[in-house]
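The values are calculated or read from the model by the stated rules, or taken from the named source; none is laboratory data. All values derive from a computational prediction rather than experimental measurement. Note that each Cβ is placed from the backbone with ideal geometry, even for glycine, and that neighbours are counted across all protein chains shown. Just the protein is used for accessible areas: all its heavy atoms, side chains included, with ligands, DNA and RNA removed. Shrake-Rupley method; radii C 1.70, N 1.55, O 1.52, S 1.80 Å.
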Amino acid sequence: MSIVPESERANPYSAYGAHGSVLVLNSGSSSLKYQLVNPVGGEAIAAGTVERIGEPSGIVTHTFAGNRTRRELEVPDHGEALRLALGMFDEIGPRLADAGIYAVGHRVVHGGAEFSGPVVVDDGVVDRIEALVPLAPLHNPANVQGIRVARELLGDVPHVAVFDTAFFSSLPAEAYTYAIDREVAATYDVRRYGFHGTSHQYVAGKVARVLGRRVQDLHTIVLHLGNGASASAVKGGVPIDTSMGLTPLEGLVMGTRSGDIDPAVVFHLARNAGMDIDELDTLLNKRSGMLGLSGVNDFRELRRLIDDGDEAAALAFDVYIHRLKKYVGAYAALLGRVDVVAFTAGVGENDAVVRAAVCEGLEGMGIAVDPERNTASAGGERIVSPDWTSTLVMVIPTMEELAIARQCVEAVEHLRPDSAVTTG
């Protein structure tokens with residue numbers, strides 16, 4: 001099947017009345033990423049980062065009209081980080097006063113079981129996000145701080161929270177329930193939530209759009225492979241399973257995270273290595289995965305080590321692929337049939353060797369890559385499987401900021417009493 005040319009694809013968002021732009025903010029513990037997005041056309045108008053917040057020397061970068069500006073200066077807190085970002089718009093462009101900002105979108109990592117979609121922010125929403133901090137102690141505090149600062153500095157436009165977990169809030173009970181004491185699970189909100197949901201939802205929808213198919217008719221496996229990595233099984237546009245769980249630690253082998261392990265490893269190391277909770281947390285989240293196995297978490301560096309005959313690097317790659325194949329097979333069983341396997345994010349989009357290795361030996365399932373298509377330098381969304389396969393293997397670049405921007409438009413539009421626009 002061929003890809004529908006961009007000019008021939010319907011854009012459901014062109015029906016919305018958003019004639020301006022959306023400022024998307026992603027507040028981390030020591031960084032602020034921002035992007036000014038056209039939610040209709042899909043392009044990033046300007047983007048930047050503020051790094052090393054709270055350290056003696058911070059770094060601010062701003063890209064606009066093909067020009068990148070970089071400065072080093074002290075950034076004591078998130079308030080100053082956002083002030084610096086807004087100042088870069090005024091100084092370098094585009095001026096936000098001229099950009100017609102329609103809304104400010106905030107990426108929030110954890111929405112718990114409460115938030116199943118984007119929500120326009122008010123004081124109550126901020127309090128409810130803060131109440132979820134025990135589920136995401138490394139992420140939600142910074143997300144909340146970013147929202148509070150942005151509402152103070154940009155108080156004349158709507159603010160919308162978009163949650164990484166929202167897409168997976170519809171998982172069936174058999175997929176999100178852990179087999180532990182149900183009263184303990186209920187008391188402490190222990191269940192699978194899933195993450196990278198904005199990316200998985202965008203990619204599943206994009207697959208349908210580029211193929212000229214209805215998302216309701218497709219069974220898709222999405223492989224979001226970056227430094228953080230996750231898989232999902234999406235049936236008719238609705239997720240039925242995902243690899244990440246209560247936290248982003250579960251599932252695939254990642255850059256620094258272990259992914260699936262026997263939980264008793266934790267007990268074993270606590271009893272025999274004398275490791276406390278914080279040490280175990282650091283081990284599994286920051287010293288494991290590809291870094292723990294090979295010493296590097298950049299796949300380009302890993303490839304260099306493998307080419308030099310490094311056995312540890314070769315084993316790390318094999319472990320990574322082995323885990324991915326297990327999830328592809330498991331999700332094929334859950335879906336019943338697989339119409340598309342979609343690779344996305346940094347590794348998924350750019351590493352042809354990974355894509356080939358994942359699909360190698362799956363020809364009996366109708367999954368394979370064509371060597372020439374897979375290694376072609378063409379960018380953008382593309383099919384990399386041969387014509388004979390029953391399952392399309394595709395590369396779909398993820399655009400999480402655009403997805404957040406469009407969800408912001410939907411959330412604001414749906415508040416309007418005269419809004420009757422749908423995105424079908």
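The separation of segment 323-354 from segment 165-230, counted between C-alpha centres, amounts to 14 Å.
In segment 284-424, a dipole from Cβ-located charges (positive for Lys and Arg, negative for Asp and Glu) runs towards its positive end, and of Ala330, Cys359, Ile404 it is Ala330 whose Cα lies farthest in that direction. Amide H contacts for His106 (H built 1.01 Å from N in the peptide plane; partners 5 or more residues away or on another chain; cut-off under 5 Å): Leu25, Val160, Ala161, Val162. Computed per residue of the chain from DSSP H runs no shorter than four, each worth -39500 (n - 2.57), the mean residue ellipticity at 222 nm is -11000 deg cm²/dmol. According to a simple spin-label model (label point 7 Å from Cα along Cα-to-Cβ), what is the distance in nm between Arg304 and Glu43? Here the answer is 3.5 nm between the modelled labels. Applying 0.36 nm per residue to the separation of Leu86 and Ile277 and subtracting their alpha-carbon distance, the gain on full extension is 64.8 nm.
Computed from backbone phi with θ = phi - 60° and the Karplus coefficients 6.51, -1.76 and 1.60, the 3J(HN,Hα) list for segment 144-161 is 5, 4, x, 5, 5, 5, 5, 5, 6, 7, 10, x, 9, 10, x, 10, 10, 9 Hz; x is used for glycine and proline.
Magnitude of the charge dipole for the chain, about its Cα centre and with charges confined to Cβ atoms of Lys, Arg (+1) and Asp, Glu (-1), is about 660 debye. If you take the charge dipole of segment 74-207 about its Cα centre, with +1 on Lys and Arg Cβ and -1 on Asp and Glu Cβ, which of Thr198, Pro76, Val121 is farthest toward its positive end? Working it through, the farthest residue towards the positive pole turns out to be Thr198. Taking 0.36 nm per residue of separation and subtracting the Cα-Cα distance, full extension of the segment from Asp260 to Glu152 would add 34.8 nm. Extending 7 Å from the Cα toward the beta-carbon at both Asp318 and Ile180 defines two label points whose distance is 3.4 nm. In terms of its C-alpha gyration tensor, segment 76-162 comes out prolate, because a/c is 1.5 or above and the ratio a/b outweighs b/c. Note on the chain: with a GNM built from Cα contacts shorter than 10 Å, the maximum mean-square fluctuation among Ala313, Ala231, Ala185 falls on Ala185.
If R0 is 30 Å, the Cβ-Cβ spacing of Glu360 and Val238 corresponds to a FRET efficiency of close to 0.50.
Assuming charge only on the beta carbon of Lys and Arg (+1) and of Asp and Glu (-1), the dipole of segment 359-412 about its Cα centre is about 100 debye to the nearest 20. Between Ala333 and Val133, the contour length at 0.36 nm per residue exceeds the Cα-Cα span by 68.5 nm.
For segment 193-209, 3J(HN,Hα) computed residue by residue from phi via the Karplus equation (6.51, -1.76, 1.60; θ = phi - 60°) reads 10, x, 9, 6, x, 4, 5, 4, 5, 4, 5, 4, x, 5, 3, 4, 5 Hz, glycine and proline entered as x. Excluding same-chain neighbours fewer than eight residues apart, the aspartates and glutamates reachable from Lys325 by a Cα-Cα span under 13 Å are Glu360, Glu363.
What net charge is computed for the residues neighbouring His62, neighbours being all others with C-beta under 14 Å from the C-beta of His62, Lys and Arg scored +1, Asp and Glu -1? Can you show the working numbers first?
Working: positive: Lys33, Arg68, Arg70, Arg71, Arg83, Arg95; negative: Glu51, Glu72, Asp90, Glu91.
After counting each charged neighbour, the total is +2.
Legend: distances between Cα atoms for Lys33/Lys286; Lys33/Lys235; Lys206/Lys286; Lys206/Lys235; pairs beyond 25 Å are Lys33/Lys235; Lys206/Lys286. Pull out a ≥ b ≥ c, the square roots of the eigenvalues of the alpha-carbon gyration tensor of segment 154-249, then state rounded if a/c is under 1.5, prolate if not and a/b is larger than b/c, and oblate in the remaining case. Oblate, since a/c reaches 1.5 and b/c is not below a/b. Summary of the geometry: segment 24-94 and segment 373-404, compared by the centres of their Cα atoms, lie 30 Å apart. The HN-Hα couplings worked out from phi for segment 33-48 by the Karplus form 6.51 cos²θ - 1.76 cosθ + 1.60 (θ = phi - 60°) are 10, 9, 8, 9, 10, 8, x, 8, x, x, 8, 7, 7, 7, 7, x Hz, whole numbers, x standing for Gly and Pro.
In what order, largest first, do Tyr202, Tyr188, Tyr34 sit by accessible area if the probe radius is 1.4 Å?
Greatest to least solvent exposure: Tyr188, Tyr202, Tyr34.
Under a 5 Å amide H cut-off, with hydrogens placed 1.01 Å from N, Ile45 pairs with Leu36, Val37, Asn38 among residues at least 5 apart or on other chains.
Matching the structure-derived Kirkwood radius over Cα pairs in Å against the labelled list [x] 29.7; [y] 22.7; [z] 26.7 gives the label [y].
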